[in-house]
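Below is one structure, written out as structure tokens, with a few remarks after it.
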Amino acid sequence: MWYQQTLTLSAKPRGFHLVTDEVIGQIRDLTRVKTGLLHLLLQHTSASLTLNENCDPTVRSDMEHHFLKSVPDNAPYEHDYEGADDMPSHI
């Protein structure tokens, strides 16, 4: 059985967010699936999906701190058509 569906996630500020419940909550007839493979395509140019441990919330915090340090908002980026946070969001 092949199944395709478009999901819409709520808007979120910059950061690392758990979206598992939001995704699962929107997949119709999920209870009928015994075995499967989920492919997600994020149709947004300045957002991304990461797979991380969810047991300890400090993982998200550490990821956030790493990216804020590695990709600062105030760096001299050329691409800033949509504001100062445009290029950091792409990166």
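The values are calculated or read from the model by the stated rules, or taken from the named source; none is laboratory data. It should be emphasised that the depicted structure is a prediction, and the values quoted were computed from it without experimental measurement. FYI the Cβ positions are ideal-geometry reconstructions off the backbone, even for glycines, and counts take in every protein chain you see. Ligands, DNA and RNA are excluded from the accessible area calculation, which covers all protein heavy atoms including side chains. Shrake-Rupley method; radii C 1.70, N 1.55, O 1.52, S 1.80 Å.
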Scan the stretch 1-13 for residues that are open to solvent by 100 Å² or more (accessible area, probe 1.4 Å) and modelled with pLDDT of 85 or more and report the count. 5
Residues of the stretch 70-79 classified as closer than 18 Å to Pro13 by Cα and touching an Asp or Glu at 6+ places or on another chain (Cβ under 9 Å), total: 1
For the stretch 26-37, state whether one or more residues are under 27 Å from His79 (Cα atoms) and either touching a residue at least 24 places away in the same chain (Cβ under 8 Å) or not in a loop (DSSP other than H, G, I, E, B) (or both). no
Scan the stretch 20-40 for residues that are of a type in the set (Val, Ile, Thr), exposed (fewer than 10 other Cβ atoms within 10 Å of the Cβ) and over 21 Å from the mean Cα position of the chain (by Cα) and report the count. 2
